[in-house]
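Below is one structure, written out as structure tokens, with a few remarks after it.
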Amino acid sequence: MKVQRSKRIVRTLQAIHLALAILALPACKQPTFSKRPAQSALDESKTRELGNSVATDLLTNNVSDLYPKLERDFRDSVTEKELSMIIEQMVQAYGKPLDFEFKQQESSSRVNAQGISQPMQKLWYATKTTMYEKGSHFLIIEIVSEGDKLFVSSFALVNFPLGVPANLK
């Protein structure tokens, strides 16, 4: 019993580390700061459409369709082959995704690698995998714009060891 609990804790810590690594990839460049104003808010329906297509790409393991949806800084940080390896590590840690259920959409902003403040949408999906039931783990997709197009700035599967927040139940 104690060994299984220890293995579960190690697996959870590995998964958190993997999620943090994926989220940090676009920030690997040295920022140069600019005083340009933030762009206007993102279109929520178009953002949701992109998020749903990313979830579908992950369900079908379609890296070739997912890769061009990533923002330029993300694509500059990893090749398509490396992205495939990252997704495989995610599958090893959490199991193969079987289903995603949209839960919520949040508006915020972030400062990109060039030091420019950008509006951002964060989409949350309850996730069922071959290892976990739906509602214990979540896919987070962060979306920003580059010009007039939307791109994924990060995505990760995460869990809440201390309990799922009420707004995601």
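Can you put Phe151, Phe138 in order of Cβ neighbours within 10 angstrom, beginning with the fewest?
Listing Phe151, Phe138 from fewest to most nearby Cβ atoms yields Phe151, Phe138.
In the structure shown, do any of Lys149/Lys169; Lys96/Lys122; Lys128/Lys149; Lys46/Lys169; Lys81/Lys169; Lys46/Lys128 have a Cα-Cα gap over 26 Å, and if so which?
Lys149/Lys169; Lys128/Lys149; Lys81/Lys169, as the Cα separations exceed 26 Å there.
Taking the Cβ of each residue in Ser108, Ser84, Ser45 as the centre, tally the other Cβ atoms inside 10 Å and list the residues starting with the fewest.
In order of increasing Cβ crowding within 10 Å: Ser45, Ser108, Ser84.
Can you give me the long-range amide H partners of Met131? Hydrogens built in the peptide plane at 1.01 Å from N, cutoff under 5 Å, separation of 5 or more residues or another chain.
HN-HN under 5 Å from Met131: Lys96.
Rule-based calculations on the coordinates, nothing more; no lab input. These figures come from a predicted structure and were not determined experimentally. Neighbour counts are summed over all protein chains in view; Cβ atoms, including those assigned to glycine, are modelled from backbone coordinates with ideal geometry.
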